[in-house]
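Structure first, commentary second.
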Amino acid sequence: MNGSVAYLVTTLGCLVGVAGVVIAVIALRRSRSAARPQTATPGDPFRDRDTDALRGDPRALKPGDIVEIRQVPYTVRGSVHLVEGGWSWAEHLLDDAGGVKRWLSVEAEPDLEMVLWTSEPGATVTPGAPTLEIAGRRYNWDESGQARYTATEGTGLDPRGTMRYHDYQAPGGARLSFEAYGEAGWEVNLGEELRRAEVMIYPQGGPDQVK
């Protein structure tokens with residue numbers, strides 16, 4: 001009887017010791033987890049949030065907004081959002097008080113780039129050559145491809161489809177672009193790259209919403 005009691009006491013002592021070790025290990029792991037710093041999600045290192053706050057965010061442009069470009073106000077009549085692989089950009093149809101229509105393209109990867117485009121419906125050039133000359137300026141081929149798009153009302157385009165393009169550049173930053181939506185023919189546009197300070201955005205509802 002005394003041997004059985006001694007055995008039982010010894011067994012209980014071992015169990016208590018093991019439980020103490022397990023509790024200590026769990027407490028240590030919790031303390032380490034609490035001390036481990038949380039990894040912050042990296043932000044866009046190229047994002048100028050101060051300028052976004054003062055001049056409006058071109059990435060958030062939408063139909064109905066007012067855009068002032070080089071002191072000329074335009075209304076956004078419609079927007080086209082395009083995706084090609086992991087690359088995306090937007091093109092916004094603008095018109096001014098006189099009914100002049102232009103396009104503003106906004107690309108934000110990796111740097112914010114805005115280009116103001118003017119249509120050249122009378123142009124006779126076609127894409128494909130390494131260099132092209134139009135309006136007395138020579139342009140060099142830059143890139144080409146095909147993107148999927150979604151469009152809002154006001155653009156005159158189908159709600160979704162594909163767009164083919166060929167882009168050219170000239171010394172000094174001038175642009176030449178050929179675009180074909182769906183089965184339509186090529187549209188020719190000449191572009192000027194804009195500095196951020198040349199663009200002011202007033203979201204729908206008026207300039208008071210720009211904080």
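What the table shows:
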| read-out | value |
| --- | --- |
| Test: residue in segment 121-131 that is in contact with a strand residue (DSSP E or B) (Cβ under 7 Å, 6 or more places away or on another chain) and closer than 20 Å to residue 198 by Cα | no |
| Matching residues in segment 90-116 - criterion: being assigned to a strand (DSSP E or B) and open to solvent by 30 Å² or more (accessible area, probe 1.4 Å) | 101, 102, 103, 107, 113 |
| Filter result for the condition that a residue is at pLDDT 95 or above, farther than 23 Å from residue 76 by Cα, among the small types (Gly, Ala, Ser) and open to solvent by less than 30 Å² (accessible area, probe 1.4 Å), over 180, 170 | 170 |
| Of all residues making up segment 96-120, the number that are touching a strand residue (DSSP E or B) at 6+ places or on another chain (Cβ under 7 Å) and within 19 Å of residue 67 (Cβ to Cβ) | 15 |
| Count of residues meeting criterion [farther than 15 Å from residue 170 by Cβ, assigned to a loop (DSSP other than H, G, I, E, B) and without any contact (Cβ under 8 Å) to a residue 40 or more places away in the chain] in segment 117-155 | 3 |
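The values are calculated or read from the model by the stated rules, or taken from the named source; none is laboratory data. What you are looking at is a predicted structure, and each value in this text was computed from that prediction instead of being measured. Heads up, the Cβs are rebuilt from the backbone with ideal geometry, glycines too, and the neighbour counts pull from every protein chain shown. Surface areas here come from the heavy atoms of the whole protein model, side chains and all, with no ligands, DNA or RNA. Shrake-Rupley method; radii C 1.70, N 1.55, O 1.52, S 1.80 Å.
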